[in-house]
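The structure appears below as structure tokens.
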Amino acid sequence: MRKVLYSLFLLLILAVGTAFGQEAYKGQIFVTQQQFTRQGDMLHVNMHVDYAGIGLRSNETLTVTPVLKSASSNITMSSVIINGPVRYQNTKKSIKQKNYRINVPVVLVKDNKKNLRSFTYKVNIPFEDWMEGSALYIQTEESDKNGKNKHMYEDKILDAIQVTPAILASNSDVLKSSPKIDNNLLSWVNIITPVVDKNKALSLKGNVPFHGVSNLENLSEEKQNAEIYYRLRDAVRSVLEGPGTTITSVDVKGFTAPEGDYKKNEKRGAKRALSLKNYLRQNRVSGKSPLEVSWVAEDWDSITSLVNKSDMVLRDAALDIINSVDVVKGREKVLMELSGGTPYKYLAEKIFPQVCRIEFEINYSQETVDTSTGRLLLQTRPSSLNLNEFFAVANSYPKGSKEYNDVFDLAARLFPDSPEANINAAAIALTKKDTKLARKYLERFTTLPIAYNNMGLLNLLEGNRDKAEVYFQMAAAAGVPQAKDVLSYLKNNK
């Protein structure tokens, strides 16, 4: 009897062609909730497209086109056009003049009034047998203000789509003989509450190169100090834009390449650091917070790293000299003498300019924000929220709503190494029965007790009931109430 239930249960799970979380168009479009349902001779395609991160200019257009492909066939589905604001208004005029393809849906890259950031894509196409298991691609085509094509991208969203026969969705006999877990998934998943962090310790790092667009190498010392100050000031201001933010310290470090005698370079570096520190302090770049300025006169660590990645002639010989000859014993001179100076010429022209730079780190703290502020920051500066603030914002929405799910999914992308963020994102995937994505989130944390309950659900959805029960038992022993509910349910539905 259990085998029969397993088979019917798996049939229902495999029939659901839903997946979410795939990126397209350079990671700026997020495709979720893909569903493919066959009804008679038609295939109903449904997916959600989030384009909040798209970077179109005002006069640009992006055409988004889903495509199904197999080894022998393919079909291009209807396109959706995403317009920048100016292009959108011009398109509306063209439609009124009947001078536009009005059968193509048109959306705006960002509408401040309507806050448009996503759309639901629905289309019906004639079903053919090759479509079962075919791959889903998203083609995106850029177009400038003159309507000329600039570039086309193609991203694979699904390796193999799963088509749900409509008969399964309404077959009461099948549903009666199968475990009805669908309505329980939302209450069975375990959402982990992160540890509350009253004050966040954060930092913003940046650098200012001496060569290239900054043109620092051609400026006097005083003008260099001014340019570095303006860069730091702008960075500090961007940090202070966050609510409840306080600068705790500013650390600045200069790096230069070898130039003659090492000891003289060290003295010049110390003098240069003092000059810059005095200028930054006089102009109060860090306010009342501590300011530290240091200098590395000959940044051989960076030189070694860059040479290792280069294709310079006699690279290994040059590295041997760098690693074996002390800087105070003529390392630079030995490099100059290697093979008539050819490797050193490469160093001077290609490597040394990359080494000369100013690096800065602005350390700051930020008080925990309230939910309303958190919602605002989620749209404008999501990286400024910590994990427990993501949790609070998510729970300000109805459980299981799109907003609720999206916040947990975004948290996992911004905190890829956090067990809580990944386990919670896996929970959301499980409510959608997307076992592939759930396993991706959980695979690094399977041995953590906080993951046991969701691992049990994952194995249950994958058809491994025995293994699922083991996980549920361990989760119940760890005090997870959801695990006890599932074990009780399974006991009554053997």
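Coordinate-derived values only; no laboratory data. Since the model is a prediction, treat every value here as computed from it, not as a measurement. Methodologically, a virtual Cβ is constructed for each residue, glycine included, from the backbone with ideal geometry; neighbour enumeration extends over all protein chains shown.
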Loop trypsin sites (Lys or Arg not before Pro), the range 435-482, which have at most 14 other Cβ atoms in a 10 Å radius of their Cβ (DSSP): ARG444
Rounded to whole Å, sorted largest first: equivalent-ellipsoid semi-axes of the range 199-364, Cα gyration tensor: 34, 16, 14
Rg [Å, one decimal], Dmax [Å, integer] - the range 262-358, C-alpha atoms: 16.7, 53
Calculated Rg and Dmax of the range 298-424 using C-alpha coordinates, Å: 25.1, 72
Mean-position separation - Cα centroids, the range 302-346 and the range 233-299, in angstrom: 29 Å
Karplus (6.51, -1.76, 1.60) ³J(HN,Hα), θ = phi - 60°, over the range 426-440, in Hz, Gly and Pro reported as x: 5, 4, 5, 4, 5, 5, 9, 6, 8, 5, 5, 5, 4, 5, 4
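I want the local charge near PHE36. Using Cβ-Cβ distances under 15 Å, sum +1 for each Lys or Arg and -1 for each Asp or Glu among the other residues. Numbers along the way, then the final one.
Details: positive: ARG38, LYS69, LYS122, LYS432, LYS433; negative: ASP41, GLU128, ASP129, GLU132, ASP159, ASP434.
Summing Lys and Arg as +1 and Asp and Glu as -1 gives -1.
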Local electrostatic count, LEU378, Cβ distance below 15 Å [Lys/Arg +1, Asp/Glu -1]: -1
